[in-house]
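Heads up, the thing below is written out as structure tokens.
Here, each number is a calculation from the coordinates, and none is a lab measurement. Here the structure is a predicted model, which means the values were calculated and not measured. Cβ: placed from backbone, ideal geometry, glycine included. Neighbour counts: every protein chain shown.
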Amino acid sequence: MSLFDWFADRRKNAPAVRPNQAPESDEGDGLWSKCPECGEVVYRKDLIAHASVCKACGYHNRIDSAERIRLLADEGSFEALDVELSPIDPLAFKDRRSYADRLRDAQAATGLRDAVVTGLCRLQGLPLALGVMDFRFMGGSMGSVVGEKLTRLVEEATARRYPLMIVCASGGARMQEGMLSLMQMAKISGALQHHRQARLLYVPLLTHPTTGGVTASFAMLGDLILAEPKALIGFAGRRVIEQTLREKLPEGFQTAEYLQDHGFVDAIVPRTELRSTLVALLELHGVVRQPVPVTL
């Protein structure tokens, strides 16, 4: 078999990569990844080393919460909060499957209790309260546990006088919890108001996708709103809006670039530049570095 045939065979049998999907581990046949935007085939370890951003076209593959924390926080500095909180099924909700079964499957598949990880960390020694939503867990939907963890994070940031970042990746409120899910919008927003009254910095990062009740609440309440390139950001879907308004929406509507042009997003920051950008913003707003604890 020629080298060309070997590569062709590997690519033919490699698992398909869906848009904005985080790279798989490079075990077995998952050594290569094909960019869904430009078709460039790259070695997965090289892709991960470049923050899962395609070097050829800048396409941002979706990454999970653990990878996001690794890219942002100083090594070993992240201290998770409220890890024991787990969702329940207060409405005994069932569609094609029960909500309880969906929760168990999502927890088994992701290793998470729910769709957000919260904690305190440092960025080049600068303190930060950090919440990271994980789209793998039921589409990053916001239920009562997501809302409670984010509210507690904001309250902890206010008490410690920490700046705050929430990385948004969500389809919106979790319908299986009904009003208990929708009330989280107001609860988080109220906590953010106290954080703002304390004259503390809040920076949300809108990633692909940020939609529904998340967009309608804490995603759009930042002092500075950042977004990743070409992220889908909106409340209702394009088709719903077009059917309601009975008119065609502009090209690129609900992309990060469109929203920046219309004043809803302050800056679009490539993932490879996010850490340095955030450090610069924290320093600009007078955040003081903390001494690194010494272990004896």
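So what's the back-of-envelope 222 nm ellipticity for the chain, counting only DSSP H runs of four-plus at -39500 (n - 2.57) apiece and dividing by all residues, rounded to 500? Computed mean residue ellipticity for the chain: -10500 deg cm²/dmol. Ordered from longest to shortest, the equivalent ellipsoid semi-axes for segment 58-97 are 31, 19, 5 Å, each the square root of 5 times a Cα gyration tensor eigenvalue. Peptides 195-202, 37-44 ranked from most to least packed give 195-202, 37-44, packing being the mean of other C-beta atoms within 10 angstrom over each peptide's residues. Given their separation in residues at 0.36 nm each and the Cα-Cα distance between them, Lys34 and Ser276 gain 84.3 nm when the chain is fully extended.
Each of Gly39, Ala56, Tyr99 was placed along the dipole of the chain (beta-carbon charges, centred on the mean Cα), and the one lying farthest toward the positive end is Tyr99.
Size descriptors for segment 196-296, from the alpha-carbon set: Rg then Dmax equal 17.1, 68 Å. Computed over the chain, the range of Cα coordinates on each principal axis works out to 67, 55, 41 Å, biggest value leading. Under 28 Å of direct C-alpha separation, and excluding same-chain neighbours fewer than eight residues apart, Lys94 reaches these lysines: Lys149, Lys187.
Computed over the Cα atoms of segment 129-236, pair by distinct pair, the Kirkwood hydrodynamic radius stands at 13.4 angstrom. Placing unit charges on each Cβ (+1 for Lys and Arg, -1 for Asp and Glu) gives the chain a dipole about its Cα centre, and among Gln193, Ile166, Leu259 the Cα reaching farthest toward its positive end belongs to Gln193. Overall, segment 155-270 carries a charge dipole of about 260 debye about its Cα centre when +1 sits on the Cβ of Lys and Arg and -1 on the Cβ of Asp and Glu, all other atoms neutral. Note on the chain: with charges restricted to the Cβ of Lys and Arg (+1) and Asp and Glu (-1), its dipole about the Cα centre is near 340 debye. With the simple model of a label 7 Å out from the Cα in the direction of the Cβ, Ile241 to His285 spans 2.7 nm.
Based on alpha-carbon centroids, what's the gap between segment 96-146 and segment 242-289 in Å, whole number please? Cα centroid to Cα centroid, the span is 22 Å. Of all lysines in the structure, the ones whose alpha carbon falls short of 30 Å from that of Lys45, not counting any fewer than 8 places away in one chain, are Lys12, Lys34, Lys55, Lys230. Based on C-alpha pairs under 8 angstrom that are at least 6 apart in sequence, the chain has a relative contact order of 13 percent. Placing unit charges on each Cβ (+1 for Lys and Arg, -1 for Asp and Glu) gives segment 65-284 a dipole about its Cα centre, and among Gly139, Leu153, Tyr202 the Cα reaching farthest toward its positive end belongs to Gly139. Restriction of the GluC sites (Glu not before Pro) in segment 183-289 to DSSP coil positions whose beta-carbon has at most 12 other beta-carbons within 10 angstrom yields Glu247, Glu251.
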